[in-house]
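The structure appears below as structure tokens.
The values are calculated or read from the model by the stated rules, or taken from the named source; none is laboratory data. Everything quoted here is computed from the prediction, not taken from an experiment. Heads up, the Cβs are rebuilt from the backbone with ideal geometry, glycines too, and the neighbour counts pull from every protein chain shown. Accessible surface areas use protein heavy atoms only, side chains included; no ligands, DNA or RNA. Shrake-Rupley method; radii C 1.70, N 1.55, O 1.52, S 1.80 Å.
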Amino acid sequence: MLKDLSEDTAKFFMKAPNNKILEFILSEKVILVEGDAEFILMETFFQKITAQKLEDSKVHIISVGGTSFKRYLDLAKLLHIRTAVIRDNDGDYQTNCVDNYSKYTNDWVQVFFDKDNDRSTFEIAVYRDNTEVCEVMFAAGRKTLGVQDFMLQNKADVAFELLEKKGAEVNPPEYIKGAIEWIKA
């Protein structure tokens, strides 16, 4: 089945360190995320939205460590793996999330992102949807760096602290809710 995979994508997976290719290929449904912060909070968001534990579903969450989504989507297209991509809009959702993936989206591949260009990253979206929680947790002692900027500079640590101390209170951004609902359908 993989004979139709482009040589470029095959070389990428042969050379990529610490990739999750085997987990992806063996999965029925996958949520791909950009980085550690999304990965850390995704299981809590999944359970909050579905009332189901991730391990009891057939959904896997894989962090691609950046934006190498297209490599995984090449495989998803060939193997018909239901795949939800969750990515930052980086200030231009049309170019970065719609146009950039137009050749990949179909019945089993969808891309989810915030449609507000001012909410350009996961951290900004989490902050704006959970301002009170974030301010209480991270404002103390801040003199030069605002809470949102602190969250942007300490992504994984902030996500872990939110998970550990306020996981039940943190609301997922709407685009993440949409991705989870789509992957479960």
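In this view, the solvent-accessible surface of LYS53, computed with a 1.4 Å probe and all protein chains in place, comes to about 100 Å².
Under 11 Å from a label point set 7 Å out along the Cα-to-Cβ vector of GLU55, no amide N atom of the range 163-185 is found.
Here each label is just a point 7 Å from Cα along the line to Cβ, and for LYS165 and SER68 those points are 3.4 nm apart. The mean sequence distance of close C-alpha pairs (under 8 Å, at least 6 residues apart), as a share of the length of the range 29-173, puts its relative contact order at 27 percent. Sorting THR144, THR95, THR44 by accessible area puts them as THR144, THR95, THR44; the probe is 1.4 Å, largest comes first, and only protein heavy atoms count.
Over the Cα atoms of the range 74-123, what is the Rg over Rh ratio if Rh follows Kirkwood?
1.02
A quarter of the convex hull surface defined by the alpha-carbon atoms of the chain gives 11.0 nm² as the mean projection. The sum of -39500 (n - 2.57) across all DSSP H runs of n ≥ 4, divided by the residue count of the chain, sets its helix-only mean residue ellipticity at 222 nm to -13500 deg cm²/dmol. When the alpha carbon gyration tensor of the range 25-131 is reduced to an equivalent ellipsoid, its three semi-axes come out at 21, 19, 11 angstrom, largest first.
Principal axis analysis of the Cα atoms in the range 97-185 yields extents of 48, 26, 18 Å, listed in decreasing size. When the trypsin sites (Lys or Arg not before Pro) in the range 59-110 are filtered for DSSP coil states and for at most 14 other beta-carbon atoms within 10 Å of their beta-carbon, the remaining sites are LYS103. Rg and Dmax, both from the Cα atoms of the range 117-161 and both in Å, are 9.8, 30. Distance between the pseudo-spin-label points of ASP99 and THR131 (7 Å out from Cα toward the beta carbon): 3.2 nm. Database remark: amide H of ILE31 closer than 5 angstrom to the amide H of HIS60, ILE61, ILE62, ALA84 (H placed geometrically; neighbours at sequence offset of 5 or more, or on other chains; Pro and chain starts carry no H). The GluC sites (Glu not before Pro) of the range 20-109 that meet both conditions, a loop assignment by DSSP and at most 15 other Cβ atoms within 10 Å of the site Cβ, are GLU28. If R0 is taken as 35 Å, the Cβ-Cβ distance between ALA139 and GLU23 corresponds to a FRET efficiency of 0.40. Measuring between alpha carbons in the structure, the pairs from LYS70/LYS165; LYS48/LYS103; LYS20/LYS53; LYS53/LYS166; LYS77/LYS184; LYS53/LYS177 lying more than 27 angstrom apart are LYS70/LYS165; LYS48/LYS103.
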